[in-house]
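Have a look at the structure below, then the notes.
The values are calculated or read from the model by the stated rules, or taken from the named source; none is laboratory data. Please read these numbers as outputs of a predicted model, since none were measured by experiment. We place every Cβ from the backbone using ideal geometry, glycine too, and count neighbours over all the protein chains shown. Remember, those area values only see protein heavy atoms, side chains included, never the ligands or the DNA or RNA. Shrake-Rupley method; radii C 1.70, N 1.55, O 1.52, S 1.80 Å.
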Amino acid sequence: MIKKVLIANRGEIALRIHRACHEMGIQTVAVHSTADAQAKHVRLADESVCIGPAPAKDSYLNVHALISAATISGADAIHPGYGFLSENADFAQIVEEHGFIFIGPTPHHIRIMGDKIIAKETVKALGIPVVPGSDGPVTPQDDFHGMADKIGYPIIIKASGGGGGKGMQVVRDPSTLEDAIRIASSEAKANFGNEQVFMEKYLEKPRHIEIQVLADQHGHAVHLGERDCSLQRRHQKIWEEAPSPVISEQQRNELGTIVANACIKLGYRGAGTFEFLYEDGQFYFIEMNTRIQVEHPVTEMITGLDLVHEQIRIANGEKLGYSQKDITFIGHAIECRINAEHPQTFAPSPGIVKDYHTPGGLRVRVDSALYSGYKIPPHYDSLIAKLIVMGNTRQECLRRLRRSLEEYIIDGVHTIIPLHQELARNEDVIAGDYNIHWLEKYLAAKTPTE
Ligand code: MV4
């Protein structure tokens, strides 16, 4: 039984994990860099250990410091949160080799999903629809023109070790194909230490729709429906909602059943997310995330489940204790990511938070480690808060969101709250009529380049 969890993260997710632990009667150990000594997750945890200087590579990514902190504090499990080491299979393996429980999937499953070619091949064999493509790596020695002609232009070249959009090349004309493969491959080698690239049909105007799953270590798995994460800028999501405004109950049940069954066949354990592109009524798998995600609260809002609580129960070896028919979806939830960035230029805006007033009331949730007087350090991600609201319907949810955004005051630093206020009043957003390119087009139209 897990009695003490070391939280290998910072910010709002560290606090989120601490809260779940304390509700379960589990003690917490915070870790922090020297820049985070005054952080809220450190103040609230039962114990804390300084693991190194401000740069993440010397602290939150420092495996030896984390293992030492877990050892000296007598923790029996480590929760990695998101980002940092959360999808590092070697870290998960080292954690287990030192006798700690890794609150997440097995190193084997993290490794499979970390390689996009292997991930795609694996899930395709389990009956999940994937984007038509090369079915394996493409090299300059292959008949890549033959492959591309068969797939049909436009095509996209992606790095197998990639994710998050790095090193992708869209090819619209066969004359540029060879160069695109070489460029993608050398960028992949430089960025991920893996030169393998693969080819896919390029979808022009998809939505990004992902399905949340939970699987225990006893052969049970459920899906918790989808999240629509299409509103993004430079591969950073800024607004997520559940359910998607465009997915029917039948589509949800069909795809959800396929992915939950795939988890059982895979022997997957823990929380996971299957990412799809959705276009013209069809879903196409692109990647699987083997961690808790930033946007998990929208799923919690519409299902009533505590996903971090479930992660810990699963890591403890407990059974899910419910089946798909017990999962019900109620209402609509939207999450706005509040970044400490200028709302027009998106320049990071670290500094001291002066006045701080959070919205409240029925069905309003704020996940944040901010407090008045807190100094946002410049060394980490600019996400400082998440505002999550729900309503019985999407329109009720949007009204509550507009009201909550009005109430939210964060003085002293720039935030993207004003952008969210615009979005919550935008007619396309209100109609749910957007795709993965919508936000960047909207921003470009607002700020002409000359
Ligand atoms: C694609 C695509 C269109 N067609 N694959 C970007 C990040 C990586 N996870 C996958 N990405 C994409 N893959 C095919 N075959 C368009 C994107 C894409 C994207 C996907 C999800 C969310 C935002 C995006 C923004 C630009 C491009």
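If N is the number of residues in the chain, what value comes out of its Cα radius of gyration divided by 2.2 N^0.38 Å?
Output field value: 0.97.
Distance in nm between label sites at D411 and D433, each 7 Å beyond Cα in the beta-carbon direction?
Going from the D411 label point to the D433 one covers 4.0 nm.
Quick check: residue separation of R403 and I352 times 0.36 nm, minus the Cα distance between them. What number comes out in nm?
Extra length available between R403 and I352 comes to 15.8 nm.
If amide hydrogens are placed 1.01 Å from N in the peptide plane, which non-local residues have theirs closer than 5 Å to the one on G162?
Residues meeting the amide H criterion: K116.
What relative contact order, as a whole-number percentage, does the range 132-201 give when Cα pairs under 8 Å and 6 or more residues apart are counted?
So the answer I get is 45 percent.
How high is the FRET efficiency between T139 and Q344 when r is their beta carbon distance and R₀ equals 56 Å, given to the nearest 0.05?
That gives a FRET efficiency of 0.85.
Please report, in debye to the nearest 20, how large the charge dipole of the chain is about its Cα centre when each Lys and Arg carries +1 at its beta carbon and each Asp and Glu carries -1 there. Kindly include the intermediate steps, with their values, before the conclusion.
Working: 46 positive and 57 negative charges, 164 e Å.
It works out to roughly 780 debye.
Taking every Cα atom in the range 265-348, find the radius of gyration and the maximum pairwise distance Dmax, and write them in Å.
Spelled out, the Cα radius of gyration and Dmax of the range 265-348 are 16.3, 48 Å.
Return the carbon/sulfur percentage of the accessible area of the range 132-201, one whole number, probe 1.4 Å, all protein chains in place.
48 percent
With a 10 Å radius around each residue's Cβ, average the other Cβ atoms per peptide and rank 117-125, 295-303, 143-151, highest first.
In descending order of packing, they fall as 295-303, 117-125, 143-151.
Just to be sure I understand the model, the point goes 7 Å from the Cα along the line to the Cβ. What's the resulting E318 to T176 distance in nm?
A separation of 5.4 nm, rounded to one decimal place.
What are the ³J(HN,Hα) couplings of the range 419-424, residue after residue, when phi is run through the Karplus curve with 6.51, -1.76, 1.60 and θ = phi - 60°? Round to Hz, x for glycine and proline.
Those phi angles translate into 5, 5, 4, 5, 4, 5 Hz.
Which length gain, in nm to one decimal place, applies between R43 and K375 when the Cα-Cα distance is subtracted from 0.36 nm times their residue separation? Walk me through the intermediate numbers first.
Numbers: separation 332, 0.36 × 332 = 119.52 nm, distance 1.43 nm.
Additional length available on full extension: 118.1 nm.
What is the diffusion coefficient of the range 4-85 in µm²/s, taking the Kirkwood radius over Cα pairs and the Stokes-Einstein relation at 20 °C with a viscosity of 1.002 mPa s?
Taking Rh from Cα pairs, D becomes 178 µm²/s.
How big is the gap, in Å, between the Cα center of the range 122-162 and the Cα center of the range 169-214?
9 Å
How large is ³J(HN,Hα) for each residue in the range 31-44, as worked out from phi by the Karplus curve 6.51 cos²θ - 1.76 cosθ + 1.60 (θ = phi - 60°), to whole Hz, x for Gly and Pro?
In residue order, the calculated couplings are 10, 7, 7, 4, 6, 10, 4, 9, 5, 5, 5, 6, 5, 7 Hz.
Can you compute the equivalent ellipsoid semi-axes for the range 380-450, i.e. the square root of 5 times each eigenvalue of the Cα gyration tensor, sorted largest first and rounded to whole Å? Display every interim value, and only then the final one.
Details: eigenvalues 88, 77, 24 Å².
Values for the range 380-450, descending: 21, 20, 11 Å.
Residues of the range 207-445: accessible area per residue at 1.4 Å, in Å²?
38 Å²
So which trypsin sites (Lys or Arg not before Pro) in the range 245-340 end up in coil per DSSP with only 16 or fewer other C-beta atoms within 10 Å?
Answer by residue number: K319.
If you wrap a convex hull around the alpha carbons of the range 207-445, what volume per residue comes out, as a whole number of Å³?
Value for the range 207-445: 130 Å³ per residue.
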